[in-house]
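Reading through the structure tokens given below for one structure.
The values are calculated or read from the model by the stated rules, or taken from the named source; none is laboratory data. None of these values were measured; they are calculated from a predicted model. A quick note on method: Cβ atoms are made from the backbone with ideal geometry, for glycine too, and the neighbour counts reach across all protein chains shown. Surface accessibility is based on the protein's heavy atoms, side chains included, excluding ligands, DNA and RNA. Shrake-Rupley method; radii C 1.70, N 1.55, O 1.52, S 1.80 Å.
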Amino acid sequence: MSQVLSQAGKRSLRLRHPVAGTLAVAGYVVMIVPILFVVATSFTAGSTLRFPPDGFSLRWFAEAAAYTPFVEALVSSLQLAVLATGLALLLGVPVTLAIHRGRIPGKELLEGLFLSPLVVPELVVGLALYQQLMIGLGLNNFSTLLLGHTALLLPYAVRVTGASLALADPALEEAARGLGASPLRAFVTVTLPMLRPGLISAGLLGFVTSFNNVPLSLLLQTRDFRTLPVTMLDYVQQSYDPMVAAASTIVLAATVVVAVVAERTVGFAKIFGGINR
Amino acid sequence: MTTPAAELIGVSQRFGSFTAVDAIDLQIPRGRLTTLLGPSGCGKTTTLRMLAGYSAPTSGRILIEGDDATRTPPEKRNLGMVFQSYALFPHLTVADNVAYGPKMRRVPAPERRLRANEALELVGLAHLADRKPKQLSGGQQQRVALARAIAIRPRLLLLDEPLSNLDARLRVQMRAEIRRIQSETGLTIVLVTHDQDEALEMSDEMVLMRSGKIVQSGAPRDVFPAPADRFVAEFLGYENFLALGDGRQAAVRPEHLRVVPLDTPADGAVALDAVVRDVAYRGVDLLVTLDATDATGAAVRLLADHRADTATGPTPSAGDRVRILAPEARLALLDPTPIPATPTEGIS
Ligand SMILES: Nc1ncnc2c1ncn2[C@@H]1O[C@H](COP(=O)(O)OP(=O)(O)OP(=O)(O)O)[C@@H](O)[C@H]1O
Ligand SMILES: [Mg+2]
């Protein structure tokens, strides 16, 4: 709600204040133009990253799709993102329920604890995980990375599902109980459907966040397990051909699709309302 | 005598050091409509929730049809509850809302549909079965909630302020509607309200609560003319309280005070001389505010309804010296135990 209001506020700010408006437009330009450059160069027919591109072709897309390190890294990234998102939801939903419906002391503390990864820089988390889990406990690289990403996504899961739970009348579950549903059935048939938009948006948001994450993945990478963004980063440091631009364009397109789906199913105002609440 | 539909024995509910319901004993007779009536915060909802099984009493026992149900969870009590917010499931259609209870009881699907339809017919909404709750008006939602509770064939129907979210006209219609449903189904109903007119009109049995305690109960015809104490009298709309001089206290309703000229004979009525303070026009009558002196010499403020069409004598106006007559038959004698000026809300 306040999100909507503040957006409306910003809009009128832009209309009324030419300076603020110009700055906002400049901000978008700075963010979007480099992306457009990358997208444009990925369609080049030539063999160097250059703007304007030399002709038009899809050859770099074909090359990127055939380049084994990218393909393997893509599979790794997808695995990691799916598992981490699933785990974060699995842990996050009970935490959300405890925060919103439970009768436990120190709710604020619990909520604070589960939101802390949003605040603590990822590099610090990564380093701590690296030292404690990989070296100290001898956990393998994938497990450590999975834990790191799960921790990264947990605040999103708790906040976003919490936002949709806050909208549901607690009497609904009581009504279900009164009509003969056990606590578990009441949860599955009434509370869970209420949570569905929250689960979808938390899932999509978590997936995209994990998939695009660099700091954690960079710190916890090994030769046998690398995510796509880290592999692309490595690649850029060695060669400078348009294939990496093509890979970026594909990732960008996929992210846009996910964002559109999220917007269609629940709406950004709700998703980000959930985070900023 | 048959066992009551439900019985509360010495039931208390404490929240920390605050006692919301204080050792109440209550019997809910079968096939009747019992109302729990009292001001906000007196513990009506808390009592109903303990009966429904949503919160366990701190002490005392709850019997349902003679069996101890004090620790029975709500899903095993088979009571139909209608929440003040209605609590309809927003993701289900009206028909699926109503069929939810039978479904949880593993009634086969065809029978379930039949029962849902039957319950919706009873509340006159069978034609809206495929709508979602959001597509209904408040009054329609209220009927769906009622149908949903009835569809489980409950042992008791519990209604928490079912009419308070409706507009005034609809509220009066629904009173009759609930009574009709009750007589058609023979259900035992417990209805919570803070509206004395609603309680008087609907109840077979009314239970007046104050600060977590029951102060009076009985049929409206018995309770209304004989409020037990000043609290009940005030709650039932008695505006005038007189000391009769012999240690007795009486309450009189504004419509039973007659405003007459000073020289009118008392004719066995209690007579007081008074000065008219204010006259307010209310359409059917005038509300006359008066200052009088009662039999003990204390100053009292009186309110009288003066109906121009039935009253004798001139229309009173501010400053007039008049006589007030209160017929003996209309005096409700009160229990003299003093009521604390500010209710302490049962803090123990
Ligand atoms: N969970 C709770 N924790 C603490 N106090 C509570 C709780 N539930 C109710 N109370 C208190 O107990 C008292 C009785 O509440 P209850 O809801 O039963 O009142 P009520 O008679 O239904 O009033 P209303 O007409 O306003 O609905 C109130 O003072 C309320 O503040
Ligand atoms: Mg209440």
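Observations, loosely collected:
- Across chain B the C-alpha pair distances fall into 10 Å bins from zero in the proportions 5, 22, 25, 21, 15, 9, 3, 0 percent.
- Taken along the Cα-to-beta-carbon direction at a fixed 7 Å, the label points for B:D222 and B:A176 span 2.9 nm.
- Anisotropy class of the stretch B:242-334 from Cα gyration tensor, a/c 1.5 cut: prolate
- Counts of other chain beta carbons within 10 angstrom of each beta carbon in peptide B:195-204 average 0.
- For the stretch B:246-304 versus the stretch A:68-104, the gap between their alpha-carbon centres in whole angstrom: 76
- Most mobile of B:P73, B:P225, B:P162 in a GNM of chain B (Cα contacts under 10 Å): B:P73
- Peptide B:88-96 has a mean shielding of 3, counted as Cβ atoms of other protein chains within 10 Å of each residue's Cβ.
- B:S40 accessible area, assembled protein chains, probe 1.4 Å, Å²: 110
- Using a simple spin-label model with pseudo-atoms 7 Å out from Cα toward Cβ, A:L110 and B:D267 lie 7.2 nm apart.
- Inter-part distance where the stretch A:183-237 and the stretch B:187-205 are each reduced to a Cα centre, Å: 55
- Computed on the Cα atoms alone, the convex hull of the stretch A:80-138 gives a volume of 114 cubic angstrom per residue.
- Our analysis of the stretch A:50-111 gives Rg over Rh at 1.40, with the two radii drawn from alpha carbon positions and Rh computed by the Kirkwood formula.
- Residues B:M81, A:M31 ordered from highest to lowest accessible area at a 1.4 Å probe: A:M31, B:M81.
- Taking the convex hull of Cα positions in the protein assembly as shown, its mean projected area over all directions (nm²): 43.1
- With K and R counted +1 and D and E -1, the other residues having a Cβ less than 14 Å from that of B:R330 yield a net charge of -3.
- Residue-count net charge about B:A251 - beta-carbon cut-off 9 Å; Lys, Arg +1, Asp, Glu -1: 0
- Excluding exposed DSSP-loop trypsin sites (Lys or Arg not before Pro) (at most 13 other C-beta within 10 Å), longest clean stretch of chain B: B:107-247
- The stretch B:39-78 shape via C-alpha gyration tensor axes, a/c threshold 1.5: prolate
- Modelled label reach - A:D169, point 7 Å along Cα→Cβ, the stretch B:84-126 residues with backbone N closer than 17 Å: B:84-101
- The mean count of C-beta atoms from other chains within 10 Å of the C-beta of residues in A:80-87, rounded to a whole number, is 0.
- Accessible area (Å², per residue) of the stretch B:242-334, counting only protein heavy atoms and a probe of 1.4 Å: 53
- Among the lysines of the protein assembly as shown, pairs that are 8 or more positions apart or on different chains and have alpha carbons within less than 20 Å of each other number 5.
- Taking B:P39, B:P265, B:P74 in turn, the Gaussian network model of chain B (Cα-Cα springs below 10 Å) assigns the largest fluctuation to B:P265.
- For chain A, a Kirkwood radius taken over Cα pairs fed into Stokes-Einstein (37 °C, viscosity 0.692 mPa s) yields D = 154 µm²/s.
- Residue among B:Q13, B:Q173, B:Q216 with the largest mean-square fluctuation in a Gaussian network model of chain B, springs linking Cα atoms under 10 Å: B:Q173
- Spin-label pair B:A168/A:T255, simplified geometry with 7 Å Cα→Cβ offset, distance in nm: 6.0
- Between A:L78 and A:A24, the C-beta separation translates, for a Förster distance of 30 Å, into a calculated FRET efficiency of about 0.30.
- Residue-count net charge about B:T70 - beta-carbon cut-off 15 Å; Lys, Arg +1, Asp, Glu -1: 0
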